1. Please enumerate the residues belonging to region 45-64 that are within 23 Å of V14 (Cβ to Cβ) and assigned to a loop (DSSP other than H, G, I, E, B).
2. Taking the conditions exactly as written (in contact with a Gly (Cβ under 9 Å, 6 or more places away or on another chain) and not hydroxyl-bearing (S, T, Y)), does P20 satisfy them or not?
3. Counting only residues that are of a type in the set (A, V, I, L, M, F, W, C) and under 11 Å from M1 (Cα atoms), which one in region 43-75 is surrounded by the most Cβ atoms within 10 Å (Cβ to Cβ)?
4. Looking at (1) surrounded by 10 or more Cβ atoms within 10 Å (Cβ to Cβ); (2) outside any helix (DSSP H, G or I), which is the only condition E29 fails?
5. Just one of (1) assigned to a helix (DSSP H, G or I); (2) touching a helix residue (DSSP H, G or I) at 6+ places or on another chain (Cβ under 9 Å) trips up C41, so point out which.
Amino acid sequence: MALRITDDCINCDVCEPECPNSAISMGPEIYVIDWHRCTECVGHFEQPQCREVCPVDCIPLDEAHVESREDLQAKYGALVREKDAA
């Protein structure tokens with residue numbers, strides 16, 4: 001399952017540089033997570049790094065984008081191939 005950032009975000013800027021998949025960017029008002037790129041850090045770390053550094057705990061699972069660990073691993077593989085091809 002991908003992650004999402006809630007309206008509780010304080011725009012502290014700590015999550016964006018921690019994302020190994022460049023899935024986090026500034027949205028119109030708060031940071032947002034591109035679920036197409038979010039792997040919950042599968043393939044990189046044991047825990048999602050954005051959640052580890054968030055001071056207000058505003059990054060829950062995104063119920064709208066349910067994915068299994070296998071799906072996240074496959075997405076990670078596709079992102080690696082995309083990066084290697086660039």
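The values are calculated or read from the model by the stated rules, or taken from the named source; none is laboratory data. Computed from a prediction, not measured in an experiment: that's the story for all the values here. Ideal geometry is used to build each Cβ from the backbone, glycine not excepted, and the neighbour counts take in all protein chains shown.
1. F45, E46, Q47, P48, C54, P55, V56, D57, C58, I59, P60, D62
2. Values: in contact with a Gly (Cβ under 9 Å, 6 or more places away or on another chain): yes; not hydroxyl-bearing (S, T, Y): yes.
The answer is yes for P20.
3. Residues of region 43-75 that are of a type in the set (A, V, I, L, M, F, W, C), as a first pass: 45, 50, 53-54, 56, 58-59, 61, 64, 66, 72, 74.
From what is left, the residues that are under 11 Å from M1 (Cα atoms) are 61, 64, 66, 72.
On the way: L61: 15, A64: 9, V66: 10, L72: 18.
This residue is L72.
4. Of everything listed in (1) surrounded by 10 or more Cβ atoms within 10 Å (Cβ to Cβ); (2) outside any helix (DSSP H, G or I), E29 misses just condition (1).
5. Of everything listed in (1) assigned to a helix (DSSP H, G or I); (2) touching a helix residue (DSSP H, G or I) at 6+ places or on another chain (Cβ under 9 Å), C41 misses just condition (1).
Residue by residue, here is whether (1) modelled with pLDDT under 95; (2) touching a strand residue (DSSP E or B) at 6+ places or on another chain (Cβ under 7 Å) holds:
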{"residue": "M26", "(1), (2)": "no, no"}
{"residue": "I30", "(1), (2)": "no, no"}
{"residue": "C50", "(1), (2)": "no, yes"}
{"residue": "P55", "(1), (2)": "no, no"}
{"residue": "D71", "(1), (2)": "no, no"}
{"residue": "A74", "(1), (2)": "no, no"}
{"residue": "D84", "(1), (2)": "yes, no"}
